[in-house]
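Step one of this worksheet: look at the structure below.
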């Protein structure tokens, strides 16, 4: 009887291990899905064999839009982003040659141009803890990136 109780306690303790380690079951990119949209954080721009990649952690979020009025009476909309979970596992996806990037302004990024690469690298460094929405095409390449917390 004591062995079965100890075994039961042992199983319960190890079933909770995921939560204590911070490992989560966030909704992440599934390689079988074509033309998908996902949310990420901690993006890092990398170049390997003359190809650009984005390494990131998946983030599961809930998004709401709020109407905000400033002291001058000007009204605007803002995204309210609530982070449900962030995966501990880093993922890497190839960047397309032409990327649409949206933060406070819309920008077309050509990863062949050094100035565009530097712009994107700086954006990721300055906003690494922000939440981004990325669009992945049927070739499993990122074609659009949107900074959800800076976008108004």
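The values are calculated or read from the model by the stated rules, or taken from the named source; none is laboratory data. Quantities reported herein were computed from a predicted structural model and do not represent experimental measurements. Because the Cβ atoms are built from the backbone with ideal geometry, glycine has one as well, and the counts that use them run over all protein chains shown.
Taking segment 57-106 as the search range and keeping residues that are in contact with a helix residue (DSSP H, G or I) (Cβ under 8 Å, 6 or more places away or on another chain) and under 17 Å from residue 123 (Cβ atoms), which one is modelled with the lowest pLDDT? That would be 103. For residue 84, the stated conditions do not hold, so it cannot be described as closer than 21 Å to residue 55 by Cβ, surrounded by 11 or more Cβ atoms within 10 Å (Cβ to Cβ) and under 13 Å from the mean Cα position of the chain (by Cα).
Taking residues in segment 45-56 that are on the phi < 0 side of the Ramachandran plot and surrounded by 13 or more Cβ atoms within 10 Å (Cβ to Cβ), and partners anywhere that are assigned to a loop (DSSP other than H, G, I, E, B) and at pLDDT below 85, the pairs with Cβ atoms closer than 6 Å and at least 6 places apart or on different chains are 52/111.
Could you please give the count of residues in segment 108-130 that are at pLDDT below 85, outside any helix (DSSP H, G or I) and surrounded by 15 or more Cβ atoms within 10 Å (Cβ to Cβ)? Count: 3.
Of the residues 47, 41, the single one that is modelled with pLDDT of 85 or more and under 16 Å from the mean Cα position of the chain (by Cα) is 41.
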